[in-house]
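The values are calculated or read from the model by the stated rules, or taken from the named source; none is laboratory data. Since this is a predicted model, take the numbers as computed values, not measurements. Cβ atoms come from the backbone with ideal geometry, glycine included; neighbour counts cover every protein chain shown. The protein model used for the area step is the full one, side chains on, heavy atoms only, and it has no ligands, DNA or RNA in it. Shrake-Rupley method; radii C 1.70, N 1.55, O 1.52, S 1.80 Å.
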Amino acid sequence: MKIRNKLVIGFTAIVLFSGAMGFTAVDGILRTSRLTTELFEYPLMASSFARSAQTAFVRIRLAGENTPVIAAHERAVREDLSIVSERLRDPAGAALITHIESGLERLAHLRKTKARLAEEGGNLGETILQQEVAYETIEEELETLVELAVVRSYDFMLAAEENSNKVFNIQVFFVCLVISLGLGISLYLGRQLVRPIRVITAVTSRLAA
């Protein structure tokens, strides 16, 4: 009875530690999957849409006085910036996006002023200069936003790699622990089983003698 109880306890311990190892492996897979999803959903998407906004703004500048084309690309810039704001999750990025949006409004106002002065035959020099400054400012801010998104992507990847290494080390620890406990329990149970057999063999030998 004692030997059977020891066997049950030993095998139960092995099963429990094996289950813990399996749970750790599944948890590691889920963590890796979640990190991959978050990497795509947040920093990578933020940098992608920041570049898209940058491209759309270049098209605005190249559109000249083509109002419908400018309006379409301006909507694209605002939509891209909205996605960047959601995905980047960075206070500096949010402030930068707000400043870029203010710059877009200023550009729209300068275009209207320029059109009005052209109709009235006024002096366009000052307005054109202000417009050029506004274009250059927004281009620099968009470039900064792209760089910020890329840096955040890199930081996220480093954090994800560090987390993956931690999970891997935990899994290795559990594997070594289960193997060690399995060997220890096997040796212990083996001795518990062999001892009665030796006693019986010794008694049988004495009886035979």
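Points to keep in mind about this one:
- Of all residue pairs spaced 6 or more apart or on separate chains, those with beta-carbon atoms under 9 Å, a first member in the range 146-159 that is closer than 10 Å to A46 by Cα and a second member that is among the charged types (D, E, K, R) and not in a helix (DSSP H, G or I) are L148/D90; A149/D90; R152/R89; R152/D90.
- Count of residues meeting criterion [under 18 Å from N66 (Cα atoms) and open to solvent by less than 30 Å² (accessible area, probe 1.4 Å)] in the range 87-116: 5
- Against the list (1) surrounded by 13 or more Cβ atoms within 10 Å (Cβ to Cβ); (2) assigned to a helix (DSSP H, G or I), the condition G122 fails is (2).
- Positions within the range 125-138 being open to solvent by less than 60 Å² (accessible area, probe 1.4 Å) and under 30 Å from S52 (Cβ atoms), in sequence order: T127, Q131, A134, Y135, T137, I138
- I128 vs. criteria in a helix (DSSP H, G or I), in contact (Cβ under 8 Å) with a residue 60 or more places away in the chain and β-branched (V, I, T): no
- Of the numbered criteria (1) open to solvent by less than 80 Å² (accessible area, probe 1.4 Å); (2) more than 30 Å from L44 (Cα to Cα); (3) at pLDDT 70 or above, the one I200 fails is (1).
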